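Accompanying notes for the structure given below.
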Amino acid sequence: MKIFNTLSRRKEEFAPLEPGEVKMYVCGPTVYNFIHIGNARPMIIFDTVRRYFEYKGYKVNYVTNFTDVDDKIIKKAIEEGVDADTVSKRYIEECKKDMEGMNVRPATKHPLATQEIDGMLEMIQTLIDKGHAYVARDGTVYFRVKSFPGYGKLSHKNLEELQSGFREIKVTGEEGKEDPNDFVLWKPKKEGEPFWESPWCEGRPGWHIECSVMAKRYLGEQIDIHAGGEDLIFPHHENEIAQSEAANEKPFATYWMHNGFLNIDNKKMSKSAGNFFTVREISEKYDLQVLRFFMLSAHYRSPFNFSDELMEASKNGLERILTAVERLDGLKGKEGPGVGLLQEETKGAALLKRLVEKFEAAMEDDFNTADAVSALFEMVKLANTTATESSSKAYISRLTQEIKNLSNVLGIITERKTQDLDQEVEELIEKRRQARMAKDFALADEIRGRLLAMGIVLEDTREGVKWKRV
Ligand code: AMP
Ligand code: ZN
C-alpha cells in the first residue's frame with residue numbers, strides 16, 4: 001500500500017510500527033460553529049482511509065480531537081453571553097450529527113483539549129527541563145525553535161527563510177520571545193477567559209501542544225499516520241513535530257497525510273465573500289451521502305471545487321449504485337448454474353474479480369478514491385447487464401456482496417431509505433404534472449428523464465400517472 005508522505009514528498013510503501021495495527025491521529029475541528037463543507041473533507045477522506053485499512057484486516061486505533069478552547073470559541077461565548085463550555089458542547093453535538101449523516105464513524109477516541117490540561121502541563125515542563133522551552137517574564141512559555149534541529153522538515157522551510165519572513169513583524173504581547181520563530185506553549189489568561197493553574201501563570205495552552213499530548217496519551221509516543229488539511233502543515237504540524245520529538249526523543253509520525261482544499265467558485269471559502277456552506281445547509285438540499293460521494297470523486301490531495309453540477313452528478317452516480325443494489329436484492333435467481341448461462345456467468349465472475357483488484361489497486365495507490373469509484377461503477381454496469389432472473393443464485397449473490405462490501409469500504413450506505421425515495425418520486429411526479437399543465441413539455445420530459453435515472457418508469461393512465469421501479 002502506497003501513501004504520499006508530506007515529510008518525504010514521495011509515495012512510500014506503508015509499513016506499520018506494529019504488524020497488523022494502524023495508529024492514526026487526525027486533527028479535528030475547532031468547535032465554535034457548525035462545521036463547513038471544507039472541514040467535512042478530511043473527515044470523509046480519513047474515515048475512508050480507516051475503513052480501507054480495516055478491510056485489509058488491520059486493527060485501526062483512530063483518534064481525532066475537538067479543539068474546545070480557542071479565541072474564536074471565547075469570542076462567540078462573549079457575544080452570546082454564555083460560557084465557552086456551552087458553545088463548544090453545543091457544536092460538538094451538532095458536529096456529531098453531521099458526521100452521522102455523512103456516515104463518518106465515531107473515532108476510537110474523541111479527546112477534548114480542556115480535558116487534557118494535565119498532560120499538557122507535563123509535556124511543557126519536560127520541554128522546559130530539556131532546554132527546548134523557556135518562560136518569559138509575563139509567564140508565557142515559548143518553544144525554543146532553534147533548539148530543535150529538525151524544525152522545518154515537514155513544510156520544507158529552512159530557519160533562515162522563516163527568519164527573513166518574520167524580520168519586520170513585531171507582535172505586541174510577544175516581546176518576551178527570544179526569536180520570532182518561537183511559538184507559544186502556554187499563555188497568561190485575559191480578563192473573562194477560561195484559565196487553568198500552572199507553575200508559570202494562570203492561563204491556557206497554545207493550540208499546537210494539545211495534539212502532541214493527545215496523540216501521545218491515546219496512541220503512544222510514536223504513531224503511524226498523522227493527518228489533516230494542507231493548511232495545517234505549517235505551522236501546526238511542524239510545531240507538533242518539534243514538541244513531540246523534542247519531548248519524547250523519538251520520531252513522532254511515520255506518515256504525514258494532507259488533504260487539499262475544498263474551494264467554492266475556485267476561491268477559498270470565506271464568510272465575507274458569501275461563498276461559504278455549512279454541512280447543515282447542504283443537508284437541507286441533499287442527503288449527506290451525496291456530499292460524501294462527491295468528496296470521493298476527486299483525489300484527496302488535489303484542490304477540489306464545490307459546485308451544484310458536481311453535486312448533481314454525485315447524486316445521480318449514487319442513485320445508480322443504490323438502484324442496482326435494489327434490483328439485485330429483488331432478483332431470486334435459479335439454483336445451480338443459470339440455464340445456458342454458465343459461460344456468461346464464468347466470464348462475468350472473472351470480470352468481477354478483476355474489478356475488485358482494480359478497486360484495491362486504486363485504493364493502494366495513495367487512496368485514489370476517484371478510480372476506486374469508477375471500478376465500482378463498472379461492477380454496477382456488469383450487474384445491470386448480466387444479472388437477470390435466469391442467472392444463478394450464486395452469481396447474483398457474488399455480485400451483490402462485492403458491490404455492497406466495496407461500497408461499505410467507501411462509507412456508502414447501499415440500503416435506500418424507501419420512505420424518502422417514495423416522497424421524492426411523488427414530488428417529482430407532481431412537478432411534472434404542473435409542467436404539463438403549463439405546457440412546459442421540455443421540463444416535463446426532463447423530469448421523466450430524472451426519474452428514469454432513478455430507476456422509476458412512469459405510465460400515463462386514465463386514472464392519472466402510475467409509477468414503478470425497473
Ligand atoms: P479547523 O477547525 O479550521 O482547525 O479545521 C478542521 C480541519 O478542516 C483541518 O484539518 C483543516 O485543515 C480542514 N479544513 C478547513 N478548511 C478546509 C477546506 N476549505 N478544505 C479542506 N479542508 C479544510
Ligand atoms: Zn492538531
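We did not get these values from a lab; they are worked out from the coordinates using the rules stated. Just so we're clear, the structure is a prediction, and the values are computed from it rather than from any experiment. With ideal geometry, Cβ positions are generated from the backbone for all residues, glycine too; neighbour counts draw on all protein chains shown.
The table below gives the values:
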{"quantity": "Built amide H within the under 5 Å cut-off of ALA133, gap 5+", "calculated": "ILE128, ARG144"}
{"quantity": "Separation in nanometres of the label points that stand 7 Å from Cα toward Cβ, at LYS97 and TRP196", "calculated": "3.0 nm"}
{"quantity": "Whole-angstrom gap from segment 430-470 to segment 385-424, using each part's C-alpha centre", "calculated": "25 Å"}
{"quantity": "Gained length - ASP118 relative to GLU309, 0.36 nm times residue gap less alpha-carbon distance", "calculated": "63.9 nm"}
{"quantity": "Protection proxy ranking, peptides 1-12, 366-377, average beta carbon neighbours within 10 Å, highest first", "calculated": "366-377, 1-12"}
{"quantity": "Whole-Hz couplings from phi, Karplus 6.51/-1.76/1.60, listed for segment 66-81; x for Gly and Pro", "calculated": "10, 7, 10, 9, 5, 3, 5, 5, 5, 4, 4, 4, 5, 4, 8, x"}
{"quantity": "Sorted by Cβ neighbour density within 10 Å, fewest at the top, the residues GLU161, GLU402", "calculated": "GLU161, GLU402"}
{"quantity": "Spin-label proximity, GLU326 to segment 455-470 - amide N less than 19 Å from point 7 Å beyond Cα toward beta carbon", "calculated": "455-460, 465-470"}
{"quantity": "Inter-label distance for ARG416 and GLU281, nm, one decimal - labels placed 7 Å from Cα along Cα-to-Cβ", "calculated": "3.0 nm"}
{"quantity": "For peptides 234-241, 100-107, 29-36, 187-194, sequence by mean Cβ density within 10 Å, most packed first", "calculated": "234-241, 29-36, 100-107, 187-194"}
{"quantity": "Least to most buried among SER297, SER390, SER212, SER198 (fewest other Cβ within 10 Å first)", "calculated": "SER390, SER297, SER198, SER212"}
{"quantity": "For TRP186, distant residues with modelled amide H under 5 Å away", "calculated": "VAL141, GLY206"}
{"quantity": "Peptide ranges 251-257, 425-431 listed from the most packed, as the mean C-beta count within 10 angstrom indicates", "calculated": "251-257, 425-431"}
{"quantity": "Residues whose placed amide H lies under 5 Å from that of ASN275, excluding near-sequence neighbours", "calculated": "SER270"}
{"quantity": "Per-residue HN-Hα couplings for segment 132-145 [Karplus 6.51, -1.76, 1.60; θ = phi - 60°; Hz; x = Gly/Pro]", "calculated": "8, 8, 9, 9, 7, 4, 7, x, 5, 10, 10, 7, 8, 4"}
{"quantity": "19 Å cut-off, amide nitrogen to a point 7 angstrom out along PHE261 Cα→Cβ, residues in segment 212-253", "calculated": "228-238"}
{"quantity": "Cα-based reach from LYS353 at 28 Å (exclusive), listing lysines while leaving out same-chain residues under 8 positions away", "calculated": "LYS2, LYS11, LYS56, LYS59, LYS315, LYS332, LYS334, LYS381, LYS393, LYS404"}
{"quantity": "Relative exposure of CYS27, CYS201, judged by other C-beta atoms within 10 Å (fewest first)", "calculated": "CYS201, CYS27"}
{"quantity": "Rough spin-label spacing in nm, given labels placed 7 Å along Cα→Cβ, for GLU249 and ALA361", "calculated": "4.8 nm"}
{"quantity": "From phi via Karplus (6.51, -1.76, 1.60), per-residue ³J(HN,Hα) for segment 432-447 in Hz, x at Gly/Pro", "calculated": "5, 4, 5, 4, 5, 4, 7, 6, 8, 6, 4, 5, 4, 5, 4, 5"}
{"quantity": "Beta bridges per DSSP with both ends in the chain, % antiparallel, nearest 5", "calculated": "50 percent"}
